[in-house]
1. Can we say Ala22 is open to solvent by 30 Å² or more (accessible area, probe 1.4 Å) and touching a strand residue (DSSP E or B) at 6+ places or on another chain (Cβ under 8 Å)?
2. Looking at segment 62-72, which of the residues that are in a loop (DSSP other than H, G, I, E, B) and surrounded by 14 or more Cβ atoms within 10 Å (Cβ to Cβ) is farthest from the chain's Cα centre (by Cα)?
3. Taking the condition over 23 Å from Gly9 (Cα atoms), open to solvent by 60 Å² or more (accessible area, probe 1.4 Å) and either outside any strand (DSSP E or B) or at pLDDT below 95 (or both), does Asp105 pass?
4. Yes or no: Asn82 touching a residue at least 60 places away in the same chain (Cβ under 8 Å) and closer than 19 Å to Arg18 by Cβ?
5. In segment 73-88, which residue that is outside any loop (DSSP other than H, G, I, E, B) and of a type in the set (A, V, I, L, M, F, W, C) is modelled with the lowest pLDDT?
6. Of all residues being assigned to a strand (DSSP E or B) and free of Cβ contacts under 8 Å to residues at least 40 places away in the same chain in segment 19-56, which is farthest from Gln80 (Cα to Cα)? Just the residue, please.
7. Say whether the condition of being under 18 Å from Ser6 (Cα atoms) and either at pLDDT 95 or above or not aliphatic (A, V, I, L, M) (or both) is met by at least one residue in segment 52-63.
8. Just to verify a result, which residue in segment 26-55, among those that are out of contact with any Lys or Arg (no Cβ under 6 Å at 6 or more places or on another chain) and among the hydrophobic types (A, V, I, L, M, F, W, C), is surrounded by the most Cβ atoms within 10 Å (Cβ to Cβ)?
Amino acid sequence: VQLQASGGGLVQAGASLRLSCAASGRAFSGDVWSWYRQAPGKQRELVALVSSGGTTDYAASVKGRFTISRDNAKNTMWLQMNSLKPEDTAVYYCYIRRNYLPRYDYWGRGTLVTVSS
């Protein structure tokens, strides 16, 4: 199983980026897909998640600016990030978790997002 995150880069404040996470090795249609991020010197934090049924949830700091989505047929998830702020600078990781037996979880390698002021 591999999770490949991409789409990060260096942008100015106010710009937009779209991150992608492509999964391979098995189907994850019944699982929760999430984006986490970790800024330098800080703990990894949940940014957004989308359930198998399409229910979404966001960290308060990104609500209204970020949109998470998924396509089960493509085994892919996206994070549309608008109105980026310098405090959004972090390595962004995709994460898949199954909450029922047999449980498992997988992390992607991460993609760096840098927002300059």
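The values are calculated or read from the model by the stated rules, or taken from the named source; none is laboratory data. Not measured: the values here are computed from a predicted model. Reconstructed Cβ throughout: ideal geometry from the backbone, glycine too, with neighbour counts over all protein chains shown. All accessible areas refer to the heavy atoms of the entire protein, side chains included, with ligands and DNA or RNA removed. Shrake-Rupley method; radii C 1.70, N 1.55, O 1.52, S 1.80 Å.
1. On the way: open to solvent by 30 Å² or more (accessible area, probe 1.4 Å): yes; touching a strand residue (DSSP E or B) at 6+ places or on another chain (Cβ under 8 Å): yes.
Spelling it out, Ala22 is indeed open to solvent by 30 Å² or more (accessible area, probe 1.4 Å) and touching a strand residue (DSSP E or B) at 6+ places or on another chain (Cβ under 8 Å).
2. From segment 62-72, those in a loop (DSSP other than H, G, I, E, B) are 62-65; that's our starting set.
Among the residues that remain, those that are also surrounded by 14 or more Cβ atoms within 10 Å (Cβ to Cβ) are: 62, 65.
On the way: Val62: 12, Arg65: 14 Å.
Filtering first and then ranking leaves Arg65.
3. Numbers: over 23 Å from Gly9 (Cα atoms): yes; open to solvent by 60 Å² or more (accessible area, probe 1.4 Å): yes; either outside any strand (DSSP E or B) or at pLDDT below 95 (or both): yes.
Yes: the conditions hold for Asp105.
4. Working: touching a residue at least 60 places away in the same chain (Cβ under 8 Å): yes; closer than 19 Å to Arg18 by Cβ: yes.
Here the answer is yes, as Asn82 does meet what is asked.
5. Applying the first criterion (outside any loop (DSSP other than H, G, I, E, B)) to segment 73-88 yields 73-74, 76-81, 86-88.
With the extra rule that they be of a type in the set (A, V, I, L, M, F, W, C), the set shrinks to 73, 77-79, 81.
Working: Ala73: 93, Met77: 96, Trp78: 98, Leu79: 98, Met81: 98.
Result: Ala73.
6. First pass over segment 19-56, keeping only residues assigned to a strand (DSSP E or B): 19-24, 32-38, 45-50, 56.
Retained after the next criterion (residues that are free of Cβ contacts under 8 Å to residues at least 40 places away in the same chain): 45-46, 48-50, 56.
On the way: Glu45: 17, Leu46: 15, Ala48: 11, Leu49: 13, Val50: 13, Thr56: 13 Å.
Out of the qualifying residues, it is Glu45.
7. Within segment 52-63, the subset under 18 Å from Ser6 (Cα atoms) is none.
The answer is no, given that none of the residues of segment 52-63 is under 18 Å from Ser6 (Cα atoms) and either at pLDDT 95 or above or not aliphatic (A, V, I, L, M) (or both).
8. Restricting to residues being out of contact with any Lys or Arg (no Cβ under 6 Å at 6 or more places or on another chain) and among the hydrophobic types (A, V, I, L, M, F, W, C), the top hit is Trp35.
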